[in-house]
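The values are calculated or read from the model by the stated rules, or taken from the named source; none is laboratory data. This structure is a prediction, so every number in the text was calculated from the model and none was measured. Heads up, the Cβs are rebuilt from the backbone with ideal geometry, glycines too, and the neighbour counts pull from every protein chain shown. When the accessible area is computed, the model is the full protein with side chains, heavy atoms only, and any ligands, DNA or RNA have been set aside. Shrake-Rupley method; radii C 1.70, N 1.55, O 1.52, S 1.80 Å.
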Amino acid sequence: MRTIPEIDLSSFEIFSTLCDSDLKEMKRMIFKRTYKKNQLLFTEGDPRERIFLLNEGYVKLEKTNQEATMLYINYIKPNDIFPYVGLFNEDFYRYSAYALTDIDVYYIPTKHFESLIRDKNDQLYLILRRLDILTKRHQDRLQTISTSFATDRVEQSIYYLVQNFSVETEEGYFIDIPITMTELAKIAGTTRETVSHVYHDLKNDGIVSMEGRHVIVHDIDYFSEKST
């Protein structure tokens, strides 16, 4: 008999209003997996067989074209599910998912997940709200890469990360997604060398700094004023 993983589903917003019987049924369907950094969870075009619940670590969703241009990128933090896009009406994943760090993740067979929430208005409302947030993120990123100046794209990409993936601390805005210069270059659609140059200029001016693989923005006004 399969051992049901211990998981607090109430920490996931989408499940926070489910009754005890629905939570129990959901837990019965859940499986647990671990992935190492850079491991692939699924790739674009794979059958959309699983809905994932991220417990620990960070996941990157991305879609590129044949020229390796980044068409879509998003990051998943703990206590979120993915992918939202395609629920109820698509049979294949639209993009690929990679472990940005070592991760602990749970998954539910898609058909069971959709069956359970199909008539749950609270869950459907939360999904619609989440899809609206994801649409805004994508629009924000498209805006960051619309300028022809690489330096501006890098700065706007940092501001995009602040707006969507940061928490305010005493030191400034802490981007809690682990970001390398190479990763930031992908977001900005430029080279690692350009990102490194822009970062060091901003660092020397006291506008940003790094703590491990996390960017801290000390002067948010610098970015907000340039975006208007």
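Observations, loosely collected:
- Residues that are free of Cβ contacts under 8 Å to residues at least 40 places away in the same chain and outside any strand (DSSP E or B) within segment 68-110 comprise Ala68, Pro78, Pro83, Gly86, Phe88, Asn89, listed in sequence order.
- Test: residue in segment 102-109 that is over 21 Å from Lys27 (Cβ atoms) and either acidic (Asp, Glu) or under 16 Å from the mean Cα position of the chain (by Cα) (or both): yes
- Across segment 154-171, the qualifying residues are those that are free of Cβ contacts under 8 Å to residues at least 24 places away in the same chain and not in a strand (DSSP E or B), and the one among them that is farthest from the chain's Cα centre (by Cα) is Glu170.
- Any hit, segment 88-106, residues being surrounded by fewer than 16 Cβ atoms within 10 Å (Cβ to Cβ), at pLDDT 85 or above and aromatic (Phe, Trp, Tyr): yes
- Listed by first and then second residue, the pairs linking a residue in segment 11-35 that is free of Cβ contacts under 8 Å to residues at least 24 places away in the same chain and under 17 Å from Ile103 (Cα atoms) to a residue that is open to solvent by less than 80 Å² (accessible area, probe 1.4 Å) and of a type in the set (S, T, N, Q), with Cβ atoms under 7 Å apart and 6 or more places separating them unless they lie on different chains, form an empty list.
- Screening segment 15-64 for residues that are of a type in the set (Lys, Arg) and modelled with pLDDT of 90 or more and picking the one that is farthest from Pro78 (Cα to Cα) gives Arg48.
- Index of the failed condition, Met181 passing every other in (1) farther than 15 Å from Tyr75 by Cα; (2) surrounded by 14 or more Cβ atoms within 10 Å (Cβ to Cβ); (3) touching a His at 6+ places or on another chain (Cβ under 8 Å): (3)
- Qualifying residues in segment 1-14 (those that are hydrophobic (A, V, I, L, M, F, W, C) and surrounded by fewer than 14 Cβ atoms within 10 Å (Cβ to Cβ)) - the one modelled with the lowest pLDDT: Met1
- Residues being of a type in the set (Val, Ile, Thr), crowded, with 16+ Cβ neighbours inside 10 Å and in a loop (DSSP other than H, G, I, E, B) - total across segment 20-67: 1
- The set of residues in segment 158-178 that are open to solvent by less than 40 Å² (accessible area, probe 1.4 Å), touching a strand residue (DSSP E or B) at 6+ places or on another chain (Cβ under 7 Å) and on the phi < 0 side of the Ramachandran plot comprises Ile158, Leu161, Val162, Phe165, Ser166, Ile175, Asp176, Ile177, Pro178.
- Taking segment 182-207 as the range and being of a type in the set (A, V, I, L, M) and not in a helix (DSSP H, G or I) as the test, only Ile207 passes.
- Segment 194-221, residues that are farther than 19 Å from Glu183 by Cα and in contact (Cβ under 8 Å) with a residue 24 or more places away in the chain: His218, Asp219, Ile220
- Leu128 meets the conditions (1) within 21 Å of Tyr35 (Cα to Cα); (2) aliphatic (A, V, I, L, M); (3) open to solvent by 30 Å² or more (accessible area, probe 1.4 Å) in every case but one. The failed one is (1).
- Here Thr147 passes the criteria (1) without any contact (Cβ under 8 Å) to a residue 24 or more places away in the chain; (2) assigned to a helix (DSSP H, G or I) except the one numbered (2).
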